[in-house]
1. Quick check: anything in segment 109-124 of a type in the set (Ser, Thr, Tyr) and assigned to a strand (DSSP E or B)?
2. Which residues, taken from segment 104-143, are under 15 Å from residue 77 (Cβ atoms), out of contact with any strand residue (DSSP E or B) (no Cβ under 7 Å at 6 or more places or on another chain) and open to solvent by less than 40 Å² (accessible area, probe 1.4 Å)?
3. Any residue in segment 174-197 that is free of Cβ contacts under 8 Å to residues at least 40 places away in the same chain and assigned to a helix (DSSP H, G or I) sitting within a Cβ distance under 6 Å of a residue that is among the hydrophobic types (A, V, I, L, M, F, W, C) and open to solvent by less than 70 Å² (accessible area, probe 1.4 Å)? List the pairs, counting only those 6 or more apart or interchain.
4. Return the residues of segment 144-164 that are out of contact with any Phe, Trp or Tyr (no Cβ under 9 Å at 6 or more places or on another chain) and open to solvent by 10 Å² or more (accessible area, probe 1.4 Å); say none if nothing qualifies.
5. Could you check segment 43-65 and list, in sequence order, the residues that are open to solvent by less than 80 Å² (accessible area, probe 1.4 Å) and part of a helix (DSSP H, G or I)?
6. Given 139, 167, which one is at pLDDT 95 or above, under 15 Å from residue 96 (Cα atoms) and hydroxyl-bearing (Ser, Thr, Tyr)?
7. So, residue 101, is that one within 13 Å of the chain's Cα centre (by Cα) and surrounded by fewer than 17 Cβ atoms within 10 Å (Cβ to Cβ) or not?
8. Just the residues that are open to solvent by less than 30 Å² (accessible area, probe 1.4 Å) and either closer than 25 Å to residue 192 by Cα or more than 15 Å from the chain's Cα centre (by Cα) (or both), please, taken from segment 68-87.
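The values are calculated or read from the model by the stated rules, or taken from the named source; none is laboratory data. Source: prediction; values computed, not measured. Here the Cβ positions follow ideal geometry from the backbone for every residue, glycine too, while neighbour counts run over all protein chains shown. Quick note on the areas: whole protein, heavy atoms, side chains included, nothing else; ligands and nucleic acids left out. Shrake-Rupley method; radii C 1.70, N 1.55, O 1.52, S 1.80 Å.
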Amino acid sequence: MQVAVQTRPTPRRRPPAQGRWTYADYARLPNNGMRYEVIRGELYMSPAPSPIHQRISLILAVELFTFVEAHKLGRVYTSPIDVNLLSLANPVQPDVLFISRKRLSIIKRKFIEGAPDLIMEVLSPGNPEHDRRTKLQLYAEAGVREYWIVDPEECAIDIYVLRGQAYALLGRYGAGEQTQSEVLPEFAVNVDEICQP
């Protein structure tokens, strides 16, 4: 004979207030297709990226990976990957990132701990200001040496380089042009490649 054992339901944990999110809170979030980031203790959520966003991210990642591997310069990673920027963000998930060979020690078993040398973000139509303002300020403060913002609608790539604790615009590259990197001086991308539907 089986006896039913009554158990108390496990109480649900209340999510923290905005401004109080930690990496441990983030790690308990469901794997439901949403992208989550915690910046300055605030949780940011966005739906899965669009096909054009993913296509551009893939083109950039392949170009960067091919160049970095050929010259044995370091490591290239793509989202989803947790990048913990110490007290500033735990974590962010850049679309594409590069870590130079001399800084490979920031690569840990479960996440990146520290600022990559170069980050590339592809704008999403629903919230371009997240990359243009929130992440621009965050990455500069964290010490990311170079930051690319790719705008699929404008067919443009803005490249920012760190000058002190703030970014300066290295260049805005449009259709028919080739990018120029400061962190990787011989690396370039044809902007026309990102404009194809």
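1. At the first step, the residues of segment 109-124 found to be of a type in the set (Ser, Thr, Tyr) are 124.
With assigned to a strand (DSSP E or B) added as a condition, the list becomes none.
No, the conditions are met nowhere in segment 109-124.
2. Matches in segment 104-143: 114, 115.
3. none
4. Selection gives 145, 151, 152, 153, 154, 155, 163, 164.
5. In the first step, residues of segment 43-65 are kept if they are open to solvent by less than 80 Å² (accessible area, probe 1.4 Å); the result is 43-44, 46, 48-50, 52-53, 55-57, 59-64.
Passing the criteria: 52, 53, 55, 56, 57, 59, 60, 61, 62, 63, 64.
6. Details: 167 fails: under 15 Å from residue 96 (Cα atoms).
After applying the criteria, what remains is 139.
7. Judged against the criteria, residue 101 is not a match.
8. 68, 74, 76
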